[in-house]
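*Asks:* Quick one: structure below, then a few questions.
The values are calculated or read from the model by the stated rules, or taken from the named source; none is laboratory data. Because the structure is predicted, anything quoted here is derived from the model rather than measured. Neighbour counts run over all protein chains shown; Cβ positions are idealised from the backbone, glycine included.
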Amino acid sequence: MIQLSEVSKTFPVRQKTGRLRRGRTLVTAVDKIGFEVSPGEFVGYLGPNGAGKSTTIKMLTGILSPSSGRVRVAGLDPSRRRTELALRLGVVFGQRTTLWWDLPLRDSFALIRHLYKVDQRRFAARLAELTELLDLGPFLGTPVRQLSLGQRMRGDLTAALLHSPALLVLDEPTIGLDVVSKATVREFLARINAEEGTTVLLTTHDLGDIERLCRRVMVIDHGRVAFDGTLDELRATAPADRTLIVDLAGDGVLAGLPDGVRLVRREGPRSWLAVPPDVSAASVVADVARACDVADIALREPDIEDVVTRLYRGSPAPA
Ligand SMILES: Nc1ncnc2c1ncn2[C@@H]1O[C@H](COP(=O)(O)OP(=O)(O)OP(=O)(O)O)[C@@H](O)[C@H]1O
Ligand SMILES: [Mg+2]
């Protein structure tokens, strides 16, 4: 579905080199990146700000052409065959809408039907299906400018999927959404992938999206693929601290912390301890229980956020 090999993208930027002189330098946004995505996959595309995620997505959709290398999406060269590709591709940019600002949602969809030449009957059936899944009914007649962010995003997802594309590319679709809207969007994406076999490439800073949805994760940093594998493999690659939550009985004082274990937070009788990957949690529990009067202890595994942060920083994994 997606094939990238040795793909780079550089942007010329003007830079002040002296008081009056201006020079031009090249910024490398994507640096000889290569990967493939097979039909039906659900892939998370992660990386810190400025890593090159949006630039990659713009090359996949044909908005930008690569400076070098080869891009194929659904077998097509996106920058040369953008119109044909559009029929097989749905794109959602969380930061901006593809809908017409002044038109009711329903009218935007009707325009999209014309653009994609979807026949009337298929369109009606598809819209009914998406309306039900995303609960669009109450605001189909509302102009887009009056929609809340979560409603608009549901509208944008519908717009991207009305023509039943084989590939859906999403650039931060849950940005700014509240917990409930996020859950709706995630559940919807999981369904589209599972039931329709739609291939999904998802860029997000919300690691909850990733944990819920992506079987495969790619992490890019400085325009290069820093990791490509499953979420479990990612966790193993960059082990992070686990958290031990200790509740003391009465107003005792926490004591007996072994080397390497840090107290990160304290609230009344409750303390949060960071346990590094090379320290056994069982021994920490035993030491703490021996030294003080403990009412309760819980251990929390590192979440994916900690893991990815470690990977970005390039901290070496302990042996
Ligand atoms: N049109 C452009 N002109 C010049 N530089 C650009 C342009 N677009 C992107 N860049 C630069 O390319 C790099 C990668 O940008 P990109 O938008 O792809 O990052 P990103 O991974 O999407 O980041 P974010 O998480 O902030 O959205 C950045 O250094 C950015 O400043
Ligand atoms: Mg971006």
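*Asks:* May I ask you to list pairs of residues, at least six apart or on different chains, whose Cβ atoms are under 9 Å apart, with the first in the range 22-44 being free of Cβ contacts under 8 Å to residues at least 60 places away in the same chain and the second being within 11 Å of ligand 1 (Cβ to nearest atom) and among the aromatic types (Phe, Trp, Tyr)?
*Replies:* Correct list of pairs: 26/11; 27/11.
*Asks:* Let me ask something else. Please find, within the range 177-218, the residue that is farthest from ligand 2 (Cβ to nearest atom) out of those that are more than 21 Å from residue 88 (Cβ to Cβ) and more than 15 Å from the chain's Cα centre (by Cα).
*Replies:* This residue is 180.
*Asks:* Also: When you look at residue 60, is it in contact with a Lys or Arg (Cβ under 9 Å, 6 or more places away or on another chain) and not charged (D, E, K, R), yes or no?
*Replies:* no
*Asks:* Residues 234, 263, 273: which one is in contact (Cβ under 8 Å) with a residue 40 or more places away in the chain and among the hydrophobic types (A, V, I, L, M, F, W, C)?
*Replies:* 234
Yes/no per residue for (1) in contact with a helix residue (DSSP H, G or I) (Cβ under 7 Å, 6 or more places away or on another chain); (2) loosely packed, with under 13 Cβ neighbours inside 10 Å; (3) charged (D, E, K, R):
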site: 123; (1), (2), (3): yes, no, no
site: 128; (1), (2), (3): no, yes, no
site: 144; (1), (2), (3): yes, no, no
site: 164; (1), (2), (3): yes, no, no
site: 175; (1), (2), (3): no, no, no
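*Asks:* Residue 29 is checked against (1) within 16 Å of ligand 2 (Cβ to nearest atom); (2) surrounded by fewer than 19 Cβ atoms within 10 Å (Cβ to Cβ) and fails just one. What number does that condition carry?
*Replies:* With respect to (1) within 16 Å of ligand 2 (Cβ to nearest atom); (2) surrounded by fewer than 19 Cβ atoms within 10 Å (Cβ to Cβ), residue 29 is out only on (2).
*Asks:* Of the residues 34, 23, which single one is modelled with pLDDT of 95 or more and either over 22 Å from the mean Cα position of the chain (by Cα) or surrounded by fewer than 20 Cβ atoms within 10 Å (Cβ to Cβ) (or both)?
*Replies:* So the residue among 34, 23 that is modelled with pLDDT of 95 or more and either over 22 Å from the mean Cα position of the chain (by Cα) or surrounded by fewer than 20 Cβ atoms within 10 Å (Cβ to Cβ) (or both) is 34.
*Asks:* May I ask you to list the residues in the range 154-191 that are modelled with pLDDT of 95 or more and of a type in the set (Val, Ile, Thr)?
*Replies:* Listed by number, the residues that qualify are 158, 169.
*Asks:* Among the listed residues 4, 46, identify the single one that is assigned by TED's automatic domain parsing to the domain that holds residue 190 and buried (at least 20 other Cβ atoms within 10 Å of the Cβ).
*Replies:* So the residue among 4, 46 that is assigned by TED's automatic domain parsing to the domain that holds residue 190 and buried (at least 20 other Cβ atoms within 10 Å of the Cβ) is 46.
*Asks:* Taking interchain pairs and intrachain pairs at least six residues apart, which have beta carbon atoms under 6 angstrom, with the first residue in the range 1-17 and away from ligand 1 (no atom under 12 Å from the Cβ) and the second at pLDDT 95 or above and of a type in the set (Asp, Glu)?
*Replies:* Every condition considered, the pairs that remain are 3/36.
*Asks:* Something else now. What's the total number of residues in the range 147-192 that are without any contact (Cβ under 8 Å) to a residue 60 or more places away in the chain and either outside the structural domain of residue 108 (by TED's automatic domain parsing) or polar (S, T, N, Q) (or both)?
*Replies:* 6
*Asks:* Also: Return the residues of the range 71-99 that are without any contact (Cβ under 8 Å) to a residue 12 or more places away in the chain and closer than 30 Å to residue 150 by Cβ; say none if nothing qualifies.
*Replies:* Selection gives 96 alone.
*Asks:* Have a look at 69, 94 and point out the one that is among the small types (Gly, Ala, Ser) and within 15 Å of ligand 1 (Cβ to nearest atom).
*Replies:* Matching residue, one of 69, 94: 94.
*Asks:* Looking at the range 212-232, which of its residues are more than 16 Å from ligand 1 (Cβ to nearest atom) and touching a Leu at 6+ places or on another chain (Cβ under 7 Å)?
*Replies:* Correct list: 213, 214.
*Asks:* Looking only at the range 173-187, count how many residues are among the hydroxyl-bearing types (Ser, Thr, Tyr) and outside any loop (DSSP other than H, G, I, E, B).
*Replies:* Residues meeting the conditions: 2.
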